[in-house]
Amino acid sequence: MANSTPAITDDERDAPGAPRPRDAIATRQLLLDAARRRFALDGYGSTTVRDIAADAGVNVALINRYFDSKEGLFEACLSHVAKEFDRPSAMTLEQVVESVVENVASSVADEQPYQLLLLLRSSGDQRADQIRLDTIRSFAERIAAGVGGSSSDSADEELLLRAQLAVAMALGIALLRVTGGGIPPLSAVPADVLAVPLRGAFSALLTRRG
């Protein structure tokens with residue numbers, strides 16, 4: 001799997017200028033952070049490995065060393081996002097709403113808006129795109145389960161639809177807040193101010209009818 005931390009071989013450890021194991025972990029994280037922002041803002045096709053390496057301040061050859069390829073790096077970024085959204089489903093409606101609002105209303109200087117935006121970016125790589133779609137699907141299913149539904153129960157199809165609409169709304173908000181400098185006032189409003197209308201909108205959307 002491209003998202004697992006590769007072992008440092010003896011040859012790598014002894015090579016001139018090779019990073020020490022601790023430095024390798026830090027370098028890998030720098031590449032992941034830089035790649036998430038680049039992929040989210042510029043899209044997969046427009047992003048080059050040189051862009052990512054320059055943003056991270058490391059040699060471009062390290063992308064192949066730690067992630068095998070650009071596709072592998074994109075997959076690793078998506079896997080990280082999937083883990084971030086892997087919240088317990090045993091939550092009340094209020095807890096579910098707060099979790100969604102927290103991700104959407106975060107400052108544009110934080111990581112969450114870029115993680116949401118990354119879920120909109122197709123790579124053309126079948127495996128990476130499947131991870132992206134699976135992450136969106138499972139995120140909606142956990143929201144539905146958290147507010148009293150079950151994705152496997154046909155009776156809860158409407159609730160799952162509402163959860164998917166909530167995810168779509170979250171992704172759209174992230175898109176308008178981040179890309180192209182964002183659209184004010186949405187892109188500039190403080191998180192605590194934005195959270196108020198979002199809380200009402202998500203609560204109304206996810207409240208179970210009947």
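Just a few scattered comments:
- Restricting the trypsin sites (Lys or Arg not before Pro) of region 174-210 to loop positions (DSSP other than H, G, I, E, B) with no more than 10 neighbouring Cβ atoms within 10 Å leaves 209.
- Surface composition of region 156-210: carbon and sulfur atoms hold 69% of the protein heavy-atom accessible area at a 1.4 Å probe.
- The modelled label-to-label distance between residue 93 and residue 23, using points 7 Å beyond Cα along the C-beta direction, is 5.5 nm.
- Computed from label points 7 Å out along Cα-Cβ, the spacing between residue 41 and residue 207 is 4.0 nm.
The values are calculated or read from the model by the stated rules, or taken from the named source; none is laboratory data. If you're wondering where the values come from, they're calculated on a predicted model, not measured in any experiment. Cβ: placed from backbone, ideal geometry, glycine included. Neighbour counts: every protein chain shown. All accessible areas refer to the heavy atoms of the entire protein, side chains included, with ligands and DNA or RNA removed. Shrake-Rupley method; radii C 1.70, N 1.55, O 1.52, S 1.80 Å.
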